[in-house]
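Novice: Once you've had a glance at the structure underneath, I'll fire off some questions.
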2 protein chains.
Amino acid sequence: MFNLSVIPRHMGRRSDHTPQELRQLLVREGHALMAERGFARFSAREAARRAGYSVGTIYNVFGSLDAYLLAVNSRTFRLWSAWLEAALDGVPPGGTARLEALVRAYFSFAAENANCWLAIYDHRIDRETPIAKEDVAAREALTAIVDREVSAWMGKPADAETRRLVRSLISMVHGHCAMWLSGSFALLQESDPASQALARVLEVLAAQSD
Amino acid sequence: MFNLSVIPRHMGRRSDHTPQELRQLLVREGHALMAERGFARFSAREAARRAGYSVGTIYNVFGSLDAYLLAVNSRTFRLWSAWLEAALDGVPPGGTARLEALVRAYFSFAAENANCWLAIYDHRIDRETPIAKEDVAAREALTAIVDREVSAWMGKPADAETRRLVRSLISMVHGHCAMWLSGSFALLQESDPASQALARVLEVLAAQSD
DNA sequence: CACGAAACTAAACACTGTTCAATTAAAAAA
DNA sequence: TTTTTTAATTGAACAGTGTTTAGTTTCGTG
């Protein structure tokens, strides 16, 4: 019994996928592999193999391994944003209901996609290596959701100070999530880190009213 | 010109280091290499080479790569704890001065030892792989410092609730630090994450008084 | 002094990421 | 249509990994 989906092919140019399709195929396959194995055991060779191509194709299409990993992680960001929006959908404004839904969805996505979520932060790149604008956009979209919800809660458009606070709030929630999922020392005995994070967020926001 | 410090040796048993010395030597060399290269480009082979031994010795001494990395990271934890104590030394109680010093020292250690600090969280191990009690102790010592300072500030011994809060506070500060040092999306434009973290800590602590 | 156990190494294995010449097919030009 | 050019794809090579194991040397012990 052998794998029919990956037929050995000859050298040379192929045309069974358009450039766009190929990009998408490689990203999806890489994303699935990342979910399965996690960042430490991820292999570009294996991802290409599963897509029915050879490693070289990844370098052709993305230019570098870093760019490929960035693209794989961008998919995680897009799925994450969609998850948050879905969780917020239908929650009425007023009180802290939407903020609560936001924090809980932030956590639940990370928990249900632990390997991919952690890979976002596992992948380090030099400060000066250029990042494709598509990848920047995927990251900014997530922050924008929090900006929107916090400024809605505050009842005023987000000024510079608010935006700064939002990034601090994100870091707070991120910290709880990262400590929890990476199994680090601090939160080993914490059974409900999401509730802790939420409590801290509400305390900090309440403190801003003064 | 060749390296005198690593003289090629024969096979077989040696006795130029006691077991303790050898352990320490390998950990120090590994720690230095981690500081130089970071987790992603760390190599146990290279660490052993620099110590004048072969890879196999690491497996002999530590049993597994995971155990070795744990030991290397434990050294970081011990240095970190010492750094915090040094920063706290001489700061008088009263007000938030000691808490402020604590948070700032937390950050400055991470900043000055970025690769080693990040390695602590980069190294993932299965939940069930056993951790040497020496390594557990190094991690608990850090948490204990924060427990001590927070309960001193509160003016009461730390009960279960306080200990839970402390772990949440650590996660908050960790989040700011991690976002900053890993160069992730949110804090790229934040010039002073330590001050943001500190502000959040004080807001949260103030909220507990009610 | 002999001998068993402990420490240490070299080598093998199966993998990586990265680069590049060779190959094939598509697209463009004639 | 035929030819030529250009683009996509691969296999193979290279220098590294982590991990295991057989073999070598030396230390302690009887």
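Novice: Listed residues A:G175, A:G183, A:G95, A:G155; which is in contact with a Cys (Cβ under 9 Å, 6 or more places away or on another chain) and of a type in the set (G, A, S)?
Specialist: On the way: A:G183 fails: in contact with a Cys (Cβ under 9 Å, 6 or more places away or on another chain); A:G95 fails: in contact with a Cys (Cβ under 9 Å, 6 or more places away or on another chain); A:G155 fails: in contact with a Cys (Cβ under 9 Å, 6 or more places away or on another chain).
After ruling out the rest, the residue left standing is A:G175.
Novice: Let me spell it out: the conditions are (1) surrounded by 14 or more Cβ atoms within 10 Å (Cβ to Cβ); (2) at pLDDT below 95, and A:A119 meets all of them except one. Which number is the exception?
Specialist: Just one mismatch for A:A119, condition (2).
Novice: Hey, among A:R23, A:R9, which residue is charged (D, E, K, R) and modelled with pLDDT of 95 or more?
Specialist: A:R23
Novice: Another question, if that's okay. Could you list all residues from segment B:40-61 that are of a type in the set (A, V, I, L, M, F, W, C) and within 11 Å of DNA strand C (Cβ to nearest atom)?
Specialist: Of everything in segment B:40-61, those that are of a type in the set (A, V, I, L, M, F, W, C) and within 11 Å of DNA strand C (Cβ to nearest atom) turn out to be B:A40, B:A48, B:A51, B:V55, B:I58, B:V61.
Novice: Those residues that are open to solvent by 10 Å² or more (accessible area, probe 1.4 Å) and of a type outside the set (G, A, S), I need them from segment A:174-186; list them, please.
Specialist: Those that are open to solvent by 10 Å² or more (accessible area, probe 1.4 Å) and of a type outside the set (G, A, S): A:W180, A:L181, A:F185.
Novice: Of the residues in segment A:38-90, how many are outside any loop (DSSP other than H, G, I, E, B) and either more than 16 Å from DNA strand D (Cβ to nearest atom) or among the aromatic types (F, W, Y) (or both)?
Specialist: Of the residues in that region, 24 qualify.
Novice: I need a count of the residues in segment A:62-97 that are under 19 Å from A:I120 (Cα atoms), within 12 Å of DNA strand C (Cβ to nearest atom) and either open to solvent by 50 Å² or more (accessible area, probe 1.4 Å) or among the charged types (D, E, K, R) (or both).
Specialist: The number of residues fulfilling the criteria is 2.
Novice: Six or more apart or on different chains, Cβ under 7 Å: which pairs go from a residue in segment A:25-50 that's touching a residue at least 40 places away in the same chain (Cβ under 8 Å) to one that's near DNA strand C (Cβ under 10 Å from one of its atoms) and open to solvent by 30 Å² or more (accessible area, probe 1.4 Å)? Could you list them?
Specialist: As it stands, the answer is A:M34/A:F42, since those pairs meet every condition given.
Novice: Among the numbered conditions (1) out of contact with any Lys or Arg (no Cβ under 9 Å at 6 or more places or on another chain); (2) of a type in the set (K, R); (3) at the interface with chain B (Cβ under 9 Å from one of its Cβ atoms), tell me where A:R200 comes up short.
Specialist: Of everything listed in (1) out of contact with any Lys or Arg (no Cβ under 9 Å at 6 or more places or on another chain); (2) of a type in the set (K, R); (3) at the interface with chain B (Cβ under 9 Å from one of its Cβ atoms), A:R200 misses just condition (1).
Novice: For B:R13, indicate whether it is within 15 Å of DNA strand C (Cβ to nearest atom) and open to solvent by 30 Å² or more (accessible area, probe 1.4 Å). Full working, then the answer.
Specialist: On the way: within 15 Å of DNA strand C (Cβ to nearest atom): yes; open to solvent by 30 Å² or more (accessible area, probe 1.4 Å): yes.
Considered against the rule, which asks whether it is within 15 Å of DNA strand C (Cβ to nearest atom) and open to solvent by 30 Å² or more (accessible area, probe 1.4 Å), B:R13 comes out as yes.
Novice: Output the residue which, of all residues in segment A:170-192 that are of a type in the set (A, V, I, L, M, F, W, C) and outside any helix (DSSP H, G or I), is farthest from the other protein chains (Cβ to nearest Cβ). Steps first, please.
Specialist: Filtering segment A:170-192 for residues of a type in the set (A, V, I, L, M, F, W, C) gives A:170, A:172-173, A:177-181, A:185-188.
Filter once more, keeping what is outside any helix (DSSP H, G or I): A:185-188.
Numbers: A:F185: 4, A:A186: 5, A:L187: 6, A:L188: 9 Å.
It comes out as A:L188.
Let's see how each residue does on (1) away from every other protein chain (no Cβ under 14 Å); (2) farther than 30 Å from B:H17 by Cα:
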residue: B:S64; (1), (2): yes, no
residue: B:Y68; (1), (2): yes, no
residue: B:A86; (1), (2): yes, yes
residue: B:R104; (1), (2): yes, yes
residue: B:A119; (1), (2): no, no
residue: B:E128; (1), (2): no, yes
residue: B:A141; (1), (2): no, no
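The values are calculated or read from the model by the stated rules, or taken from the named source; none is laboratory data. All of these numbers come straight from a predicted model, not from anything done at the bench. All Cβ positions, even for glycine, are placed from backbone atoms using ideal geometry, and neighbour counts span all protein chains on display. Keep in mind that these areas ignore ligands, DNA and RNA; they rest on the heavy atoms of the full protein, side chains included. Shrake-Rupley method; radii C 1.70, N 1.55, O 1.52, S 1.80 Å.
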